[in-house]
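Got a structure for you, written out below as structure tokens; questions coming shortly.
The values are calculated or read from the model by the stated rules, or taken from the named source; none is laboratory data. The model shown is predicted, which means the values in this text are computed figures rather than measured ones. When we count neighbours, we look across all protein chains shown, and the Cβ atoms used for this are built from the backbone with ideal geometry, even at glycine. Accessible surface areas use protein heavy atoms only, side chains included; no ligands, DNA or RNA. Shrake-Rupley method; radii C 1.70, N 1.55, O 1.52, S 1.80 Å.
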Amino acid sequence: MPGALQRPAVVSRVSDLIGCTPLLELATTETGSRLLLKLEMFNPTGTAKIRMARQMVIDAEERGELRPGGRIIESTSGNTGLGLAVVAAERGYTFTAVVDHHAPPDKLRGMKALGTELVYVADEGTEELATAAREELAEEMARGQDNTIFTEQHNNPSNGVGYFPVAHELHEALNGRLDILVGAVGTGGALCGTARELRGLIPGFTTIGVEPKGSIAFGGPAHDYYQSGTGTPEGAEIGALVDFSLIDEGVKVGDVEAFATCRAVARTGLLIGGSAGGVVHEALTRLPGLPPGTTMVALVNDGGEKYMDSVFNDDWMRERDLLDPAAEREIEELLTKLRGNR
């Protein structure tokens, strides 16, 4: 299987540090149910997406589509781009990221620092999510170019395969005991890739997919949203990796609730990203009503350090009518109650 369950003490490449991420028990109930967070921010670049970035490149090399000195092109809101930037730098490839200004500035600066060429599809000051336009441009840039690939994360099977090791890490850490898996649905790779492999290891668990309100994977209505790197905006196609047969229930969480959760969880000492806030919000609010002894795992695919200019910036939040102290207090009170049971 790709990705060892135990990392060597000394490695020679940054990508060798991928995987073996920890589980944090965030909350428990009086009846012994618990919420565990799979902390994917402990991967290089602080995100799960470097797992699939590496897999997409390795598989392209094995197919002969990418050779020494080649070029990688991808449409990205940031985290996939950060992962591809690392892998490209290690292997001597040029990486071009097609981006928009919806992506958090910290992610864009990070890609540029890693040597990425940034190509924007929208003018500065335009915050709309331009997924469809990004993908069209990325495909056009790669078309007919020698030793150049558009990794096309939304429809690349290697995306899902890159997350198979997550299933093995969970199986090993939990001794085969898992009742509910909760994760964000963007490309579908992380949640569906993990769930697909995990079903062969642990029978009978329930998979819950979370997308932002305004995303269309689980139906409408469609509208703009600020959670980045997740969901399917209006005008974009639902990716081939979103396998509804692997998702037992699909739910939506609004930006206000997602970001309030990020800010409340930060006061426990943990910084999580915007879309991870939506996942944790859904998991936390479900936890008190679960049967006794339930083990629920939430995939936290992104750390919060890249959101200092947005989710954790009061002015940015206030300007977009996202700041809701009452919602934050509600999550804090729930966390306080549930953490008191540990």
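Considering only segment 185-208, state which residues are on the phi < 0 side of the Ramachandran plot and open to solvent by 20 Å² or more (accessible area, probe 1.4 Å).
Arg196, Glu197, Arg199, Gly200, Leu201, Pro203, Thr206
In segment 290-315, what count of residues is obtained for those that are open to solvent by less than 70 Å² (accessible area, probe 1.4 Å) and either under 22 Å from the mean Cα position of the chain (by Cα) or among the hydroxyl-bearing types (Ser, Thr, Tyr) (or both)?
The total comes to 18.
Scan segment 282-289 and tell me whether some residue there is more than 30 Å from Thr151 (Cβ to Cβ), open to solvent by 20 Å² or more (accessible area, probe 1.4 Å), part of a loop (DSSP other than H, G, I, E, B) and out of contact with any helix residue (DSSP H, G or I) (no Cβ under 7 Å at 6 or more places or on another chain).
no
Turning to a different aspect of this structure: So, of the residues in segment 114-128 that are open to solvent by 50 Å² or more (accessible area, probe 1.4 Å) and either of a type in the set (Phe, Trp, Tyr) or within 21 Å of the chain's Cα centre (by Cα) (or both), which turns out to be farthest from Ser77 (Cα to Cα)?
Leu114
Now for a different question. Taking the criterion of being within 19 Å of Thr336 (Cβ to Cβ), at pLDDT 95 or above and surrounded by fewer than 17 Cβ atoms within 10 Å (Cβ to Cβ), would at least one residue in segment 245-256 satisfy it?
no
Please state which of the following conditions Leu35 fails to meet, knowing it meets all the rest: (1) surrounded by fewer than 23 Cβ atoms within 10 Å (Cβ to Cβ); (2) touching a strand residue (DSSP E or B) at 6+ places or on another chain (Cβ under 6 Å).
Result: Leu35 fails condition (1) only.
Run Leu84 past the list (1) modelled with pLDDT of 95 or more; (2) touching an Asp or Glu at 6+ places or on another chain (Cβ under 6 Å); (3) hydrophobic (A, V, I, L, M, F, W, C); (4) over 30 Å from Pro233 (Cα atoms) and report the number of the one that doesn't hold.
All conditions pass for Leu84, except number (4).
Considering only segment 269-281, state which residues are in contact with a helix residue (DSSP H, G or I) (Cβ under 8 Å, 6 or more places away or on another chain) and closer than 14 Å to Thr230 by Cβ.
Passing the criteria: Ile272, Gly273, Gly274, Ser275, Ala276, Gly277, Gly278, Val280, His281.
Continuing with this model, one more query. What are the residues in segment 55-79 that are assigned to a helix (DSSP H, G or I) and at pLDDT below 95, if any?
Asn79 - this is the single residue of segment 55-79 that is assigned to a helix (DSSP H, G or I) and at pLDDT below 95.
Take the residues in segment 1-28 that are touching a strand residue (DSSP E or B) at 6+ places or on another chain (Cβ under 9 Å) and polar (S, T, N, Q), then tell me which one is farthest from Val87 (Cα to Cα).
So, considering only residues that are touching a strand residue (DSSP E or B) at 6+ places or on another chain (Cβ under 9 Å) and polar (S, T, N, Q), the one farthest from Val87 (Cα to Cα) is Thr28.
If we scan segment 243-251, do we find a residue that is among the hydrophobic types (A, V, I, L, M, F, W, C), assigned to a loop (DSSP other than H, G, I, E, B) and within 18 Å of the chain's Cα centre (by Cα)?
Checked against the condition, which is being among the hydrophobic types (A, V, I, L, M, F, W, C), assigned to a loop (DSSP other than H, G, I, E, B) and within 18 Å of the chain's Cα centre (by Cα), segment 243-251 yields at least one hit.
On to the next question. Out of segment 265-281, which residues are buried (at least 24 other Cβ atoms within 10 Å of the Cβ) and part of a helix (DSSP H, G or I)?
Scanning segment 265-281 gives Val265, Gly274, Ser275, Ala276, Gly277, Gly278, Val279, Val280, His281.
Hey, another quick one. Taking only segment 78-113 into account, find how many residues are more than 22 Å from Ser12 (Cα to Cα), in contact (Cβ under 8 Å) with a residue 12 or more places away in the chain and open to solvent by 20 Å² or more (accessible area, probe 1.4 Å).
Counting residues in segment 78-113 that are more than 22 Å from Ser12 (Cα to Cα), in contact (Cβ under 8 Å) with a residue 12 or more places away in the chain and open to solvent by 20 Å² or more (accessible area, probe 1.4 Å) gives 4.
Of the residues Gly46, Gly64, Gly69, which single one is free of Cβ contacts under 8 Å to residues at least 12 places away in the same chain, open to solvent by 10 Å² or more (accessible area, probe 1.4 Å) and either farther than 27 Å from Ala133 by Cβ or within 18 Å of the chain's Cα centre (by Cα) (or both)?
Gly64
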